[in-house]
Amino acid sequence: MDRQVKLKPSVFNAQIPHDGKIIAFNGVIASSLAMDAPQARIFNETLAEIARTGWCEDETLRRYLYALGFVVAVEHDEIAVQRAAFKAVKADTATLRLTIVPTMACNLHCTYCFQQDFAASKTMQPEIEKAIIEFVRRKTEHSKTLVIQWFGGEPLLRLHRITAMTQAFQKICTERGMRYYAEMLTNGALLDPTVVASLAKLSVRAIQIPLDGDIETYARRKGISLERAQAFHDSLLDCMPSLLEATGSVTIRINVDRNNPAAGYDVVRMFKQRGCCDPRLDFRLGFLNTRDGIVDCIPHDCFSSAEFADTEAAFRRFLAEQGFRVYGEPGPRKYPCAAPLQNNFTINPTGGIGKCVPAIGTDESVFSQIYPNDIERTLRETSTTDAPYADFDPYSGACSSCAFLPVCLGSCPRFHAPGRSVNCSLKEGLAETLAFYHVHG
């Protein structure tokens, strides 16, 4: 490194005490160092020297700190660079992302569902489906990738409609040399060998299924009989190997609160007993709460943020002990969620176009419509710069001075709306999280 290149400490450096050590973390590179007291003293003295003089004489240490992002060139405006990168991602139209809800109907009655009070009778009509296909055809004229997320209600209740739309999407992408893949959030109750076999043809590359713990807890929270709950779990575990082969990624979201804190352990043991230990399985705990403000009340004794962080940390350790891959390592992100992206849209069964997935079924974030007889109008309205969250910029808001900002990008954009306060879930239990992945990452 040329002596003429002056250095400075990164603005995205943080230090967190944990078990008698100091964990240094850089939010841009997502690198971490676990140091004892003497090492931390050398680390901080070196950063102080660089801040004061722009240099340090220890070449090995200097190059090490630079490679890990803890120091950068003096002229490097990190915040400006990160903001520019985020704005470029927001404005990028190379990928069109759609979350499509073919129906709000569902075959279960989850006690914590944020859509439980929405009209289940809403099902997409053929004219809306045809107009969506035309919208995609027109909207992807200069795109390289089309990504569809199938959502509900329960999307598999309308598998025949998903199949028809997928075939049309695949044809468009093939004609244009575009990449196509889909994802799906499903309760899994309709997964059988025939449905699972169809997923590969539908280009479904990732699927998420929610569970609740043992059989009794699942039956109670899904509003079904114990016999039906047992049959579902047997069927799910039987088809899991083929489901993993068909999609390549299966996320099991285990929704927990104070009444079922051991739910994650129950589910993991269930999978392990059946020999399902595939590294493509991603077990995640789901935090039941009302922080998104979508529903007024969830009838559960919800964890506090701190309690959930502790529960999650213990669950990560358990997963590692059981030999499973543990996903979720903190790292830099391109966007907090898809809502702020210019070329991302949600489409509900009646053709309402919005931006926010958790708000599907409500009028929140809906700003346009699929007009079967006027797709030009749909294209104009979805190209507006006034769409919800279009002006979201985490680098100028409440989180702008946070060293971890590149890792979460301000979390949910809804938290940054006027009158709302930012609820930072990342910082809860962060020391435990960084320490875990420092060893297991």
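The values are calculated or read from the model by the stated rules, or taken from the named source; none is laboratory data. Since this is a predicted model, take the numbers as computed values, not measurements. Reconstructed Cβ throughout: ideal geometry from the backbone, glycine too, with neighbour counts over all protein chains shown.
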Apart from one, (1) more than 34 Å from the chain's Cα centre (by Cα); (2) closer than 27 Å to residue 85 by Cα all hold for residue 30; the odd one out is (1)
Residue identified as out of contact with any strand residue (DSSP E or B) (no Cβ under 8 Å at 6 or more places or on another chain), surrounded by 15 or more Cβ atoms within 10 Å (Cβ to Cβ) and hydroxyl-bearing (Ser, Thr, Tyr) among 123, 111, 99: 111
Which condition number in (1) surrounded by 18 or more Cβ atoms within 10 Å (Cβ to Cβ); (2) outside the structural domain of residue 224 (by TED's automatic domain parsing) is the one that residue 66 fails? (1)
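For the stretch 272-281, what are the residues that are under 19 Å from the mean Cα position of the chain (by Cα) and without any contact (Cβ under 8 Å) to a residue 24 or more places away in the chain? If you could, list the steps in order and put the result at the bottom.
From the stretch 272-281, those under 19 Å from the mean Cα position of the chain (by Cα) are 279-281; that's our starting set.
None; the set is empty.
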For the stretch 210-224: of the residues being under 15 Å from residue 261 (Cα atoms) and more than 26 Å from the chain's Cα centre (by Cα), which is surrounded by the most Cβ atoms within 10 Å (Cβ to Cβ)? 215
Got a number for residues in the stretch 417-441 being within 22 Å of residue 11 (Cα to Cα) and either without any contact (Cβ under 8 Å) to a residue 40 or more places away in the chain or assigned by TED's automatic domain parsing to the domain that holds residue 27 (or both)? 3
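Does the stretch 400-415 contain at least one residue that is exposed (fewer than 13 other Cβ atoms within 10 Å of the Cβ) and of a type in the set (S, T, N, Q)?
So the first thing to find is which residues in the stretch 400-415 are exposed (fewer than 13 other Cβ atoms within 10 Å of the Cβ), and the list is 401.
Those left that are additionally of a type in the set (S, T, N, Q): 401.
Yes.
Restricting to the stretch 191-209, and then to whatever is more than 24 Å from the chain's Cα centre (by Cα) and not polar (S, T, N, Q), can you tell me which residue is farthest from residue 124 (Cα to Cα)?
To start, the set of residues in the stretch 191-209 that are more than 24 Å from the chain's Cα centre (by Cα) comprises 192-195, 197-198, 201.
Narrowing further to those that are not polar (S, T, N, Q): 192-193, 195, 197, 201.
On the way: 192: 24, 193: 26, 195: 21, 197: 24, 201: 22 Å.
This residue is 193.
For residue 40, indicate whether it is in a helix (DSSP H, G or I), crowded, with 17+ Cβ neighbours inside 10 Å and at pLDDT 95 or above.
Taking the combined requirement at face value, the residue satisfies it.
Could you pull out the residue among 183, 227 that is of a type outside the set (Phe, Trp, Tyr) and surrounded by fewer than 16 Cβ atoms within 10 Å (Cβ to Cβ)? Let's see the steps before the verdict.
Details: 183 fails: surrounded by fewer than 16 Cβ atoms within 10 Å (Cβ to Cβ).
Criteria check complete, one pass: 227.
Filter the stretch 376-395 for residues that are surrounded by 15 or more Cβ atoms within 10 Å (Cβ to Cβ) and of a type in the set (Val, Ile, Thr); which is farthest from residue 336 (Cα to Cα)? Working first, answer last.
Quick first cut of the stretch 376-395, residues surrounded by 15 or more Cβ atoms within 10 Å (Cβ to Cβ) only: 378-379, 381-382, 387-390, 392-395.
Now drop any that are not of a type in the set (Val, Ile, Thr), which leaves 378, 382.
Numbers: 378: 26, 382: 21 Å.
Among residues in the stretch 376-395 that are surrounded by 15 or more Cβ atoms within 10 Å (Cβ to Cβ) and of a type in the set (Val, Ile, Thr), the one farthest from residue 336 (Cα to Cα) is 378.
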Taking only the stretch 224-270 into account, find how many residues are modelled with pLDDT under 95 and acidic (Asp, Glu). 1
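Please determine, by comparing only the residues of the stretch 121-177 that are assigned to a helix (DSSP H, G or I) and without any contact (Cβ under 8 Å) to a residue 12 or more places away in the chain, which one is nearest to residue 378 (Cα to Cα). Break it down into steps so the answer makes sense when it comes.
First, pick out the residues of the stretch 121-177 that are assigned to a helix (DSSP H, G or I): 126-139, 155-176.
Of the ones still in play, those that are also without any contact (Cβ under 8 Å) to a residue 12 or more places away in the chain are 126, 160, 167, 171, 174-175.
Numbers: 126: 17, 160: 26, 167: 22, 171: 22, 174: 24, 175: 23 Å.
Looking at residues that are assigned to a helix (DSSP H, G or I) and without any contact (Cβ under 8 Å) to a residue 12 or more places away in the chain, I get 126.
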Among (1) surrounded by 15 or more Cβ atoms within 10 Å (Cβ to Cβ); (2) closer than 23 Å to residue 437 by Cα, there is one condition residue 72 misses while meeting the rest; what is its number? (2)
Verdict on residue 254 being within 22 Å of the chain's Cα centre (by Cα), crowded, with 17+ Cβ neighbours inside 10 Å and closer than 18 Å to residue 109 by Cβ: no
Matching residues, the stretch 355-364, being farther than 23 Å from residue 134 by Cβ and buried (at least 18 other Cβ atoms within 10 Å of the Cβ): 356, 358, 359, 361, 362
Spot the failing condition for residue 50; the list is (1) loosely packed, with under 14 Cβ neighbours inside 10 Å; (2) within 28 Å of residue 394 (Cβ to Cβ), and only one is missed. (1)
Just need a number here: residues in the stretch 144-190 that are under 24 Å from the mean Cα position of the chain (by Cα) and of a type in the set (Gly, Ala, Ser). 5
Restricting attention to the stretch 22-37, does a residue exist that is part of a helix (DSSP H, G or I), of a type outside the set (S, T, N, Q) and either modelled with pLDDT of 95 or more or surrounded by 16 or more Cβ atoms within 10 Å (Cβ to Cβ) (or both)? yes
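Every residue, every condition in (1) modelled with pLDDT under 95; (2) farther than 18 Å from residue 251 by Cβ, yes or no:
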{"position": "272", "(1), (2)": "no, no"}
{"position": "285", "(1), (2)": "no, no"}
{"position": "291", "(1), (2)": "yes, yes"}
{"position": "296", "(1), (2)": "yes, yes"}
{"position": "303", "(1), (2)": "yes, yes"}
{"position": "312", "(1), (2)": "no, no"}
{"position": "329", "(1), (2)": "yes, no"}
{"position": "333", "(1), (2)": "yes, no"}
{"position": "344", "(1), (2)": "no, yes"}
Of the residues in the stretch 306-334 that are surrounded by fewer than 17 Cβ atoms within 10 Å (Cβ to Cβ) and in contact with a strand residue (DSSP E or B) (Cβ under 9 Å, 6 or more places away or on another chain), the one that is nearest to residue 428 (Cα to Cα) is 328
